[in-house]
Amino acid sequence: MAIASDRPETDFPRAVGAPATRALAAAGHTRLDQLAGVPAAELAALHGVGPKALRVLGEALAERGLSLG
């Protein structure tokens, strides 16, 4: 029996976690490159996005030569 995931379709690293992924998707962010230049404080204000998610997203962006604002 397959269990439906509550995670939206994104290209965020799995380590970001489902609550943060849902919050980011609800805010219109479904691709990692969409987060480039977005202020970390703006993302941290989203319910479910905490320090770990910000760190993981920042590291993933850095691997692509990008960064949060």
Residue-by-residue Karplus 3J(HN,Hα) for the range 62-69, coefficients 6.51, -1.76, 1.60, Hz, glycine and proline x: 4, 5, 9, x, 10, 8, 6, x
Whole-Hz ³J(HN,Hα) from phi, Karplus 6.51 cos²θ - 1.76 cosθ + 1.60, for the range 39-54, glycine and proline x: x, 4, 5, 5, 6, 5, 6, 6, 5, x, 9, x, x, 5, 4, 4
For P(r) over Cα pairs in 5 Å bins from 0, in percent, with candidates (i) 3, 19, 32, 29, 14, 3, 0; (ii) 4, 18, 32, 27, 11, 4, 3, 1, 0; (iii) 3, 16, 25, 20, 14, 10, 7, 3, 2, 1, 0, the value calculated from the shown model is option (ii)
Given the rule -39500 (n - 2.57) for each run of at least 4 DSSP H residues, summed and divided by the residues of the chain, what is its mean residue ellipticity at 222 nm, to the nearest 500 deg cm²/dmol? -11000 deg cm²/dmol
What full-extension length gain, to one decimal in nm, is calculated for A15 and Q34 as 0.36 nm per residue of separation minus the Cα-Cα distance? 5.1 nm
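Each reported figure results from applying straightforward, stated rules to the coordinates on display, with no laboratory input. What you see is a predicted model; the values in this text were computed from it and never measured.
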